[in-house]
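Inspection log for the structure reproduced underneath, given as structure tokens.
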Amino acid sequence: MTLRRIQPGIDDTSITTTVSKNYRDLDLVFQRKSGTVFADGIRRGDVFKKTDLKAIDQSIQTILLTNFYEKPFQPTFGSNLRRLLFELNTTISEPYARDVVRSAIERWEPRVEVLDVKFYDAGADREVPRGIENIFFYSVNASEAEHTFLLYVTCRIKNIGQEITTKVNMNRLR
């Protein structure tokens, strides 16, 4: 951001400033720091915090792992991805699942731009081909692969232009 200062009798001067924004969030594990022992003998500490890229990564994971109606007063928050694991129709197309992920992140995380969403076959460690009609591959370990999502979301942070990749692993337990 550039500011222009004009004073009578003095030449125009331009002052260039930068706006620095720090992203901070609580670590959702809620582990406490060791803290300091005060004069009354009580140890007081704080919880760990996530900053910058880790805060955005945690935010993306939270969005993708949250179902609709889980967050009070915001019934449409999240991606509702877990519902894909529990649908009666077990064939879910890759373009549909990719659109669900992309639209949820674009709606709820304005700090990033989604570049790519990739699904992986849990049993064979290979990428699911684009446009396939069923993201659940029936490979070597069919019982696990049938109930597993493994996806990587690559995003660019809008302010700094840095790319991050978030891994989300969703399993349906029997």
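If the requirement is being among the basic types (Lys, Arg) and within 21 Å of LYS167 (Cβ to Cβ), which of these qualifies: LYS71, LYS50?
LYS50
Name the one entry in VAL117, VAL112 that is over 30 Å from SER34 (Cα atoms), in contact with a Cys (Cβ under 9 Å, 6 or more places away or on another chain) and surrounded by 15 or more Cβ atoms within 10 Å (Cβ to Cβ).
VAL112
Among the listed residues ILE132, ILE105, which satisfies the condition of being within 16 Å of LYS167 (Cα to Cα) and of a type in the set (Val, Ile, Thr)?
Only one candidate passes the filter, namely ILE105.
Do we have any residue at all in the range 20-29 that's surrounded by fewer than 10 Cβ atoms within 10 Å (Cβ to Cβ), touching a strand residue (DSSP E or B) at 6+ places or on another chain (Cβ under 6 Å), under 27 Å from ARG111 (Cβ atoms) and at pLDDT below 75?
no
Working only within the range 23-61, note down all residues that are touching a residue at least 24 places away in the same chain (Cβ under 8 Å) and on the phi > 0 side of the Ramachandran plot.
ASP52
Looking only at residues in the range 153-174 that are aliphatic (A, V, I, L, M) and in contact with a Phe, Trp or Tyr (Cβ under 8 Å, 6 or more places away or on another chain), which one is modelled with the lowest pLDDT?
MET170
If you scan the range 30-58, which residues turn out to be hydrophobic (A, V, I, L, M, F, W, C) and either at pLDDT below 75 or surrounded by 12 or more Cβ atoms within 10 Å (Cβ to Cβ) (or both)?
PHE30, VAL47, PHE48, LEU53, ALA55, ILE56
The values are calculated or read from the model by the stated rules, or taken from the named source; none is laboratory data. Since we're looking at a predicted model, the values are computed, not measured. Every residue, glycine as well, gets a Cβ built from its backbone with ideal geometry; the counts of neighbours run over all protein chains shown.
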